[in-house]
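Chemist: Structure below; questions to follow.
The values are calculated or read from the model by the stated rules, or taken from the named source; none is laboratory data. Predicted model only: the values in this text are computed from it and were never measured. No Cβ is skipped: glycine too gets one built from the backbone with ideal geometry, and neighbour counts run over all protein chains shown. These area figures cover heavy atoms from the full protein model, side chains too; ligands, DNA and RNA do not enter into them. Shrake-Rupley method; radii C 1.70, N 1.55, O 1.52, S 1.80 Å.
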Amino acid sequence: QVQLVESGGGLVQAGGSLRLSCAVSGPTFSSYAMGWFRQAPGKEREFVGSIVWSAGTTFNADSVKGRFTISRDNAKNTVNLQMNSLKPEDTAVYYCAAGQRSSSWYKNYDYWGQGTQVTVSS
């Protein structure tokens, strides 16, 4: 069983930055891929990016490539989402997730955090 605890959401002006963190715990968490997803009101859940925990291999969705960066911190057992140059369309609830393989499909992830609200004002 993997447990995910998120933090870092909030309100930021367009062009600003936020850093989301997801604390990961569990007996086999290091074997998982970690994903970030977001969901805005009235819209489907959208893939943001993923990272393979063991190798550090990352993949970002085209919509955020060049602005968002996924990383992990082995010492702190956290996976982070650094969000720069934020736009109003980035406003959403952001979720971290854990699955056995890196994927852009949310159903491939088995464990989810509670979500954290990110609001970008114009």
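Chemist: Tell me, please, whether a residue that is among the small types (Gly, Ala, Ser), open to solvent by 20 Å² or more (accessible area, probe 1.4 Å) and either in contact with a Cys (Cβ under 9 Å, 6 or more places away or on another chain) or in a strand (DSSP E or B) (or both) can be found in segment 54-75. Step through it out loud before you land on a result.
Modeler: Restricting attention to segment 54-75, the residues satisfying the condition of being among the small types (Gly, Ala, Ser) are 54-56, 61, 63, 66, 71, 75.
Those left that are additionally open to solvent by 20 Å² or more (accessible area, probe 1.4 Å): 54-56, 63, 66, 71, 75.
If we keep only those that are either in contact with a Cys (Cβ under 9 Å, 6 or more places away or on another chain) or in a strand (DSSP E or B) (or both) too, we end up with 71.
Scanning segment 54-75 turns up at least one residue that is among the small types (Gly, Ala, Ser), open to solvent by 20 Å² or more (accessible area, probe 1.4 Å) and either in contact with a Cys (Cβ under 9 Å, 6 or more places away or on another chain) or in a strand (DSSP E or B) (or both).
Chemist: What is the one condition in (1) in a loop (DSSP other than H, G, I, E, B); (2) among the aliphatic types (A, V, I, L, M); (3) farther than 13 Å from residue 34 by Cβ that residue 93 does not satisfy?
Modeler: (1)
Chemist: Further question on the same structure: Show the residue pairs meeting these rules: Cβ distance below 7 Å; 6+ apart or different chains; first residue within segment 101-122 and farther than 11 Å from residue 10 by Cβ and assigned to a loop (DSSP other than H, G, I, E, B); second residue open to solvent by less than 20 Å² (accessible area, probe 1.4 Å) and acidic (Asp, Glu).
Modeler: Matching pairs, first to second residue: 113/6; 114/6; 115/6.
Chemist: Residue by residue through segment 22-45, note down the ones that are open to solvent by 30 Å² or more (accessible area, probe 1.4 Å), under 11 Å from residue 77 (Cβ atoms) and part of a strand (DSSP E or B).
Modeler: Let us first name the residues in segment 22-45 that are open to solvent by 30 Å² or more (accessible area, probe 1.4 Å), namely 23, 25, 27-31, 39, 41-45.
Pick out the ones that are also under 11 Å from residue 77 (Cβ atoms) and you get 23, 25, 29-30.
Within segment 22-45, 23, 25 meet the criteria.
Chemist: Still on this model: If the Cβ limit is 9 Å and pairs must be 6+ apart or interchain, which residue in segment 1-22 that is within 25 Å of residue 100 (Cβ to Cβ) pairs with which residue that is charged (D, E, K, R)?
Modeler: Close Cβ pairs (under 9 Å, with a partner that is charged (D, E, K, R)) amount to 2/110; 20/6; 21/6; 21/73; 21/76; 22/6.
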